[in-house]
Amino acid sequence: MDHQPAHFLLPSDPRTFGFFVDGKIVEAGARPYFERHSPGHGVAVTRIPKCTKEDLDLAVAAARRAFEDGRWSRIPSVERASVLLRAAQIIRRRAEEIALWETLENGKPISQARAEIDGCVGIFEYAAGAARALHGDAFNNLGDRLFGLVTREPIGVVGLITPWNFPFLILCERVPFILAAGCTIVAKPSEVTSATTLILAEVLAEAGLPAGCYNVVTGSGSTIGQAMTEHMDVDMLSFTGSTSVGRRCVQAATGNFKKLGLELGGKNPQIVFADADLEDAADGVAFGIGFNTGQCCVSGSRLIVERSVARAFEEMVTAKFAKVKVGDPLDPATQVGAITTAAQNETIMTYIAKGRAEGARLVCGGEQLDFGHGHYIAPTLFGDVSADMAIARDEIFGPVLSVMPFDTIEEAIAIANDTVYGLAASVWSKNIDKALTVARRVRAGRFWINTTLAGGPELPLGGFKQSGWGREAGIYGVEEYTQIKSVHIELGKREPWVS
Ligand code: NDP
């Protein structure tokens, strides 16, 4: 596939998907379709059914039946682990196909999509182990007559709303952990990137997941997504997306007090000290904002750099940006692909215009790149950014980096924490005292020292402040999908209350 010209990989007709309920693909029938055009090429690639609220109700009912009858929630964890391991093998076998649909719908470079799918195989394998490692606790310190057990039980039916920036990766950072805990799922992908969430249904069915344990209902966020957040028979909702919709999820969840996991926005700092390996840091900073066209919740969008090296460092990052290969997502050499939606493209260009209007100094980029089709934006660097500017405060979700200089470590920490968000942060320094002091004081759920955007399924994901609630992945991520029960056991006869 590496050697094929990109246009051979474009489908001649869009692939038509059904949705997935109770172990079966349901064809759209009379329901309308959402037709997705590849953001890199403008070609129709998929047709996804617009489900109704009744479809959602049927999917939740199927997930409820599957949960309550114990076909998944009460089987030995070794059997759950086997299904997850088989799913990992099937994803490995179908990796090329999944990567292609991911690129066609999202616009990310095919090489990146392949790496993400490979990562997803590892997540399923890790979660299989986590299923077996999950355990409770025992209390042997309650005196001779009382013995205490704490058990973990699956929370029940989980609604899963995922965004368009990493459709398969974000899904796989949640689904295997939810299943490892013994829960059942109704997933609602973004309507612009639903294909790989539906392909995962085929994968899990082939792996032996019982019917009803993973259901997918497609459609828009404002209809199906909103109905899912309000649904009285969904026990927990895992939502990944914007902070504004996250806030609506909190309001909607009050109906049945469903538990919420929220992974929301970020305005993540990259703190660079003069004593860093500046060449390495410049590369990391360029990667941190260029990767996935800056459409990552953990993109490093604020460059907080020590004043003595600020100008020199700006030049180094600019030189890196100049060499980044932006272009056709299907070209294996491409590093930065297309902006995923026209609306997101508009949002990014509006922020670039605001940066200029508010007096920031445009160092490089700032323009739309014309490849004859699709939306592409050059990696953009703004200098002289002050704390009150929109480009310093808002999550842009695009390849736009704002530079803010500092003089002291205290100032660097204060700038880093001057945000409503707290998702991720990076520090670049060869001085371990400085690096660890910053790591301990910056309020963010993920922290990188002398690297960025690195990780694996062992480490939990999630945010402080308005970046969300709860954690996904790692053993913490499985525990999120359980609830705790205390069991009190009397040994022998109780002290009588009435004699
Ligand atoms: P949204 O928050 O609107 O979308 C994320 C998911 O929520 C999608 O599946 C969407 O469905 C769904 N959704 C939308 N409205 C509702 C609702 N009322 N109730 C329940 N679910 C809903 O993000 P956008 O796509 O509008 O992107 C806007 C901004 O959000 C970006 O610029 C970026 O700043 C941020 N964002 C952050 C992400 C992150 O990873 N933290 C991911 C995506 C966006 P559908 O797409 O079908 O409408």
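Across the stretch 269-449, the relative contact order, built from alpha-carbon pairs under 8 Å that are at least six residues apart, equals 28 percent. Note that the chain presents 40 Å² accessible area per residue, ligands and nucleic acids not counted, probe 1.4 Å. Treat the stretch 395-499 as a sphere of radius equal to its Kirkwood radius over Cα pairs and apply Stokes-Einstein at 25 °C in a medium of 0.890 mPa s; give the translational diffusion coefficient in µm²/s, rounded to a whole number. Here the translational diffusion coefficient equals 142 µm²/s.
Taking every Cα-Cα distance in the chain and sorting them into 10 Å bins from zero, the calculated P(r) comes out as 4, 19, 28, 25, 15, 6, 2, 1, 0, 0 percent. The simple spin-label model puts a point 7 Å past each Cα toward its Cβ; for T151 and I75 those points are separated by 2.0 nm. For a straight C-alpha distance cut-off of 18 angstrom, the aspartates and glutamates reachable from K434 (same-chain residues fewer than eight places away being disregarded) are D275, D277, D280, E306, D407, E410, E411.
Relative to the longest principal axis of the Cα atoms of the chain, the long axis of helix 110-133 makes an angle of roughly 30 degrees. Between the listed residues V305, A133, V175, the Cα displaced farthest toward the positive end of the dipole of the chain, a dipole computed from Cβ unit charges relative to the Cα centre, is found at A133. Net charge dipole, the chain: roughly 900 debye, given to the nearest 20, about the Cα centre with Cβ charges of +1 for Lys and Arg and -1 for Asp and Glu. Database note for the chain: Cys without another Cys beta carbon under 4.7 angstrom, C51, C183, C213, C249, C296, C297, C364.
Beta-bridge orientation, the chain: approximately 45 percent antiparallel, per DSSP, counting only bridges with both partners inside. Projection of the Cα convex hull of the stretch 261-308, averaged over all directions and equal to a quarter of that hull's surface, yields 3.8 nm². Database remark: amide H of V427 closer than 5 angstrom to the amide H of I271, W448, I449, N450, T451 (H placed geometrically; neighbours at sequence offset of 5 or more, or on other chains; Pro and chain starts carry no H).
Helical runs (DSSP H, four residues minimum) scored at -39500 (n - 2.57) apiece and divided by the length of the chain put the mean residue ellipticity at 222 nm at -11500 deg cm²/dmol. Between helix 53-68 and the chain, what is the angle of the helix's C-alpha long axis to the longest principal axis, kept within 0 to 90° and rounded to the nearest 10? For 53-68 against the chain, the angle is about 50 degrees.
Under conditions of 37 °C and 0.692 mPa s, the stretch 387-452 yields 258 µm² s⁻¹ as its translational diffusion coefficient, taking Rh as the Kirkwood radius over Cα pairs in the Stokes-Einstein equation.
Computing Rg and the Kirkwood Rh from the Cα coordinates of the stretch 5-124 gives a ratio, Rg/Rh, of 1.04. Computing Rg and the Kirkwood Rh from the Cα coordinates of the stretch 100-216 gives a ratio, Rg/Rh, of 1.13. Debye-formula intensities of the stretch 155-208, expressed as log10 I(q)/I(0) at q = 0.27, 0.30 Å⁻¹, are -1.17, -1.32 (one equal scatterer per alpha-carbon, no solvent). For the chain, the relative contact order is 18 percent, taking Cα pairs closer than 8 Å that sit 6 or more residues apart in sequence and dividing their mean separation by the residue count. Computed from Cα atoms, the angle from the helix 432-441 axis to the main principal axis of the chain rounds to 60 degrees.
Working value for the stretch 269-449: equivalent-ellipsoid semi-axes of 26, 17, 15 Å, each the square root of 5 times a Cα gyration tensor eigenvalue, largest first.
When the Cα positions of G374, F321, C120 are compared along the charge dipole of the chain, C120 comes out farthest toward the positive end, with charges on each C-beta of Lys, Arg, Asp and Glu. A dipole drawn for the stretch 1-126 from +1 and -1 charges on Cβ atoms has a positive end, and of V60, P49, A99 the residue lying farthest that way is V60. Accessible area of the chain with a 1.4 Å probe: how many percent of it is carbon plus sulfur? Percent of accessible area from carbon and sulfur atoms in the chain: 54. By the rule of a C-alpha distance below 25 Å, with chain neighbours fewer than 8 residues away ignored, the lysines paired with K430 are K267, K320.
The values are calculated or read from the model by the stated rules, or taken from the named source; none is laboratory data. As the structure is a computational prediction, the values presented were derived from the model and not from experiment. Positions of Cβ are generated from backbone atoms using ideal geometry, with glycine treated the same way; all protein chains shown enter the neighbour counts. Side chains included, ligands, DNA and RNA excluded: accessible areas come from the protein's heavy atoms. Shrake-Rupley method; radii C 1.70, N 1.55, O 1.52, S 1.80 Å.
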